Amino acid sequence: MSSKQVHRLLESLKFFGILALAVGWITIFISIMLNPWFSFAKNALSDLGALGQKYAFIFNSGLFIAGVLASLYAVFLLYISPGRLFSLASSIFLLASIHLILIAVFPEKTYPHLFVSLEFFILAGVSILFFGLSFLAQREVKLGAFFTVLAIGGFILAAIVPWPSIATVETFSICLMTIWATLMLRRHLKQKI
């Protein structure tokens, strides 16, 4: 494979962040439709993939695929990295993506599930914060300030709002990740890579 082909392949990965989120949202939607017992007011999203649940394989397979896609997007982010802070943010996002895969590998009712699930959301938020700081350092003030506020605001709201269930705070966090991925794709499409 020539370096030009490798570049083209890596460049195509710019769509994988938003694709990972699309797979995640579709997985959550299908899993909820297949499990009428699920309640946003009482459950965690991971209950949909818990050991012993009839359609757990759908939820866990979808999260696994989303995690792989997100990991490939992290590779793209490392490839285009303009500096150390961006590379740090991309590396933290890669760790978050690996934790998403681990949520599928260790579903609810297994020992490490709680840890990998919590670490996924924390690492994703920290990566968005560092992307914000990286853009500020690159003098992309609007995007940098927005991502920084998105991450810090997200952590504050996740901590202080009396969420009715874990599923609601997880959905809130996934919405913030969706905003981040959409704005990142918009930026990728504007720039020549």
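The values are calculated or read from the model by the stated rules, or taken from the named source; none is laboratory data. Only a predicted model underlies this, so the values are computations on that prediction, with no experimental measurement involved. With ideal geometry, Cβ positions are generated from the backbone for all residues, glycine too; neighbour counts draw on all protein chains shown. Side chains included, ligands, DNA and RNA excluded: accessible areas come from the protein's heavy atoms. Shrake-Rupley method; radii C 1.70, N 1.55, O 1.52, S 1.80 Å.
Quick notes on this one:
- Filter result (in contact with a helix residue (DSSP H, G or I) (Cβ under 6 Å, 6 or more places away or on another chain) and either of a type in the set (Ser, Thr, Tyr) or in contact (Cβ under 8 Å) with a residue 60 or more places away in the chain (or both)) within region 103-139: Pro107, Glu108, Ser117, Ser127, Ser134
- Scanning region 151-170 for residues that are buried (at least 16 other Cβ atoms within 10 Å of the Cβ), closer than 17 Å to Phe120 by Cα and not aromatic (Phe, Trp, Tyr) yields a count of 8.
So that you can scan it fast, the table gives a plain yes or no per residue for (1) more than 28 Å from Leu183 (Cβ to Cβ); (2) touching a Lys or Arg at 6+ places or on another chain (Cβ under 8 Å); (3) of a type in the set (Lys, Arg):
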{"site": "Phe16", "(1), (2), (3)": "no, no, no"}
{"site": "Leu21", "(1), (2), (3)": "no, no, no"}
{"site": "Trp25", "(1), (2), (3)": "no, no, no"}
{"site": "Ile32", "(1), (2), (3)": "no, no, no"}
{"site": "Trp37", "(1), (2), (3)": "yes, no, no"}
{"site": "Ala41", "(1), (2), (3)": "yes, no, no"}
{"site": "Gly49", "(1), (2), (3)": "yes, no, no"}
{"site": "Gly52", "(1), (2), (3)": "yes, yes, no"}
{"site": "Tyr55", "(1), (2), (3)": "yes, no, no"}
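- Scanning region 156-181 for residues that are out of contact with any helix residue (DSSP H, G or I) (no Cβ under 6 Å at 6 or more places or on another chain) and more than 22 Å from Leu77 (Cα to Cα) yields Ile156, Leu157, Ala159, Ile160, Val161, Pro162, Pro164, Ser165, Ile166, Thr168, Thr171, Phe172.
Residue-wise test of (1) open to solvent by less than 60 Å² (accessible area, probe 1.4 Å); (2) touching a helix residue (DSSP H, G or I) at 6+ places or on another chain (Cβ under 6 Å).
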position: Gly52; (1), (2): no, no
position: Ala66; (1), (2): yes, yes
position: Gly83; (1), (2): yes, no
position: Ala89; (1), (2): yes, yes
position: Leu94; (1), (2): yes, yes
position: Ile98; (1), (2): no, no
position: Ile101; (1), (2): yes, yes
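- Considering (1) open to solvent by 50 Å² or more (accessible area, probe 1.4 Å); (2) part of a helix (DSSP H, G or I); (3) at pLDDT 95 or above, the lone condition that Lys4 does not fulfil carries the number (3).
- Leading residue by the ranking (most open to solvent (accessible area, probe 1.4 Å)) among those in region 54-64 that are more than 30 Å from Arg187 (Cβ to Cβ) and not polar (S, T, N, Q): Lys54
- Some residue of region 178-185 being more than 25 Å from Phe57 (Cβ to Cβ), within 14 Å of the chain's Cα centre (by Cα) and of a type in the set (S, T, N, Q): yes
- Residue list for region 17-50, restricted to those being open to solvent by 60 Å² or more (accessible area, probe 1.4 Å) and among the β-branched types (Val, Ile, Thr): Ile26, Ile30
- Candidate set: region 103-115, residues that are outside any loop (DSSP other than H, G, I, E, B) and either open to solvent by 30 Å² or more (accessible area, probe 1.4 Å) or not hydrophobic (A, V, I, L, M, F, W, C) (or both); chosen: the one nearest to Gly17 (Cα to Cα): Val105
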